[in-house]
Every structure is written in structure tokens, then in C-alpha cells.
1. Out of all the residues in region 145-155, which are open to solvent by less than 100 Å² (accessible area, probe 1.4 Å) and part of a helix (DSSP H, G or I)?
2. I'd like to check something: does region 199-215 contain any residue that is within 17 Å of Leu45 (Cβ to Cβ), in contact with a Ser or Thr (Cβ under 9 Å, 6 or more places away or on another chain) and either at pLDDT below 95 or surrounded by fewer than 19 Cβ atoms within 10 Å (Cβ to Cβ) (or both)?
3. Is it the case that region 112-134 has a residue that's closer than 20 Å to Arg11 by Cβ, part of a helix (DSSP H, G or I), open to solvent by 80 Å² or more (accessible area, probe 1.4 Å) and touching a residue at least 60 places away in the same chain (Cβ under 8 Å)?
4. Is at least one residue of region 178-196 in contact with a helix residue (DSSP H, G or I) (Cβ under 6 Å, 6 or more places away or on another chain), among the aromatic types (Phe, Trp, Tyr) and within 22 Å of Thr51 (Cβ to Cβ)?
5. Scanning for something in contact (Cβ under 8 Å) with a residue 12 or more places away in the chain, among the small types (Gly, Ala, Ser) and surrounded by 15 or more Cβ atoms within 10 Å (Cβ to Cβ), does region 54-70 turn up at least one residue?
6. Of the residues that make up region 83-104, is at least one out of contact with any His (no Cβ under 6 Å at 6 or more places or on another chain), touching a residue at least 12 places away in the same chain (Cβ under 8 Å), open to solvent by less than 50 Å² (accessible area, probe 1.4 Å) and among the acidic types (Asp, Glu)?
7. Name, by its number, the condition in (1) open to solvent by less than 40 Å² (accessible area, probe 1.4 Å); (2) part of a helix (DSSP H, G or I); (3) hydrophobic (A, V, I, L, M, F, W, C) that does not hold for Leu79.
8. Just for region 156-191: of the residues that are within 19 Å of Cys25 (Cα to Cα) and open to solvent by 40 Å² or more (accessible area, probe 1.4 Å), which one is nearest to the chain's Cα centre (by Cα)?
Amino acid sequence: MKTLFTKNRARDIVLALLLTLCIICFAVIVTVFFKQLYYFDIDYLNIAKNTGLPKQLIKENYDVLIQYQSIFFQGTLQLPDFVMSTTGRIHFEEVKRIFDMIQILFVVSGVISLVMIYQNIKQKEYRFLRLTPMFSIGIPTVIGFLAALDFDRAFVIFHKIFFRNDYWIFDYTTDPVITILPESFFMHCFMMIIVIVVVISLIMYLIYRKKRDLILEEISE
């Protein structure tokens, strides 16, 4: 008899973890390349006013910075209106490597997940739709709670975990680009990532509920 639960629970957990990784990577990618969030923050955070720079100039340089983060971009970062120190350039290169890895992980975890999902759906086994939201909401919720307590400290800890140097501590006199990238903008990015993960997770859980009810109806008939 077909059920909602596979006999191999380990397989369900592996699939749920892969989907969680895929969802989080997807949320990060969407947020990073969703330039409209930054465009909104230019006005909301008074970036143009605080820096004394034209809004269009800020947008053009930000666009170049984001294009540089694409895995398809090959070459060096050349901001049209900002000079960069050697350490600043190294930091952006390190950031790009991280984003490149996130984009690769998204593709790899997505492809493997699709294969496993196809196999589960063929057998009408949907337990992974319940497990995935548990992982994908639980992990960001814990991180989000800790960040909400002290985002400044969380911001520092994040950089210490992912970077083995202090090149991320910019001096606006040698790397003036930092003046158009306020910490509050990164907080908004973090919030957007959480929202995307939660929305996708809730959709998956609703699909699970729907499939569960349909199968239970079939069993009762």
C-alpha cells in the first residue's frame, strides 16, 4: 500500500537536508541579485544624502559589484567611480568565491533533489515535504533569533567564520565603496533571505498537507 512515509527514513532525511541546502542557497542567490532591494535602500537609508554622491552613480557602481558576483563573470572587479586598496580587492575576490560556491551548491543540490523527488512522487511518498520545512525553517529561525539579539555582533561573527583575515574591515579613506554599503543594508538582505526560506517552506508544508489528505481519503474509501 502506498503511503506518505517511505520505509527508508534515512533517505527522507538526506533528501530533506539537500532540499534545505538548495532552498537556502536559492534564497541567498535571489537576494544578492535582487538589485531592487538596494535601490530601495538608497532612499530608505539615505545613502545618497549621507555620502553626497548622485543616486545614479551609486546604482551604476553597485550594479558592477553585483555583476562581479555572478559565477559567469570572469575577470577583475573594476568599479567605475571608486578606488580600491589591495586588501579591499582581495576581500571582494574572497566574497566572489563564496558566492560562486553557493551557486554551484544550488545547482548540485537542486539536481540531486529533483531526481530523488521524482522517485518519491512516483511512489506517492511525500514525507520529505514535511521534513524539509522543519529543517529549512528551524535553522534560519535559530540564526535569525541570535542575529536579532545583536546584529552587529552577529555580523562580526559571520565574517570571522567565513574569512581568515580582517580585510573585511574597510577603511573608507582607502576603500570609499564601503560608504555606499551600510551595515543596515546587509541586515535587510538577511531579513529577505529568511522571508524567502520561510515562504518556500510553508508552501512545501501546505503541499504536504494537501497530499496527505488526498491519500488518507483514498485509504478510507
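The values are calculated or read from the model by the stated rules, or taken from the named source; none is laboratory data. Bear in mind that the values here come from a model prediction, so they are computed numbers and not experimental data. We place every Cβ from the backbone using ideal geometry, glycine too, and count neighbours over all the protein chains shown. Surface areas here come from the heavy atoms of the whole protein model, side chains and all, with no ligands, DNA or RNA. Shrake-Rupley method; radii C 1.70, N 1.55, O 1.52, S 1.80 Å.
1. Scanning region 145-155 gives Ala147, Ala148, Phe151, Asp152, Ala154, Phe155.
2. No, region 199-215 contains no residue that is within 17 Å of Leu45 (Cβ to Cβ), in contact with a Ser or Thr (Cβ under 9 Å, 6 or more places away or on another chain) and either at pLDDT below 95 or surrounded by fewer than 19 Cβ atoms within 10 Å (Cβ to Cβ) (or both).
3. Yes, region 112-134 contains at least one residue that is closer than 20 Å to Arg11 by Cβ, part of a helix (DSSP H, G or I), open to solvent by 80 Å² or more (accessible area, probe 1.4 Å) and touching a residue at least 60 places away in the same chain (Cβ under 8 Å).
4. Yes, the conditions are met somewhere in region 178-196.
5. For region 54-70, residues in contact (Cβ under 8 Å) with a residue 12 or more places away in the chain, among the small types (Gly, Ala, Ser) and surrounded by 15 or more Cβ atoms within 10 Å (Cβ to Cβ): present.
6. Yes, region 83-104 contains at least one residue that is out of contact with any His (no Cβ under 6 Å at 6 or more places or on another chain), touching a residue at least 12 places away in the same chain (Cβ under 8 Å), open to solvent by less than 50 Å² (accessible area, probe 1.4 Å) and among the acidic types (Asp, Glu).
7. (2)
8. If we take residues in region 156-191 being within 19 Å of Cys25 (Cα to Cα) and open to solvent by 40 Å² or more (accessible area, probe 1.4 Å), then Phe190 is nearest to the chain's Cα centre (by Cα).
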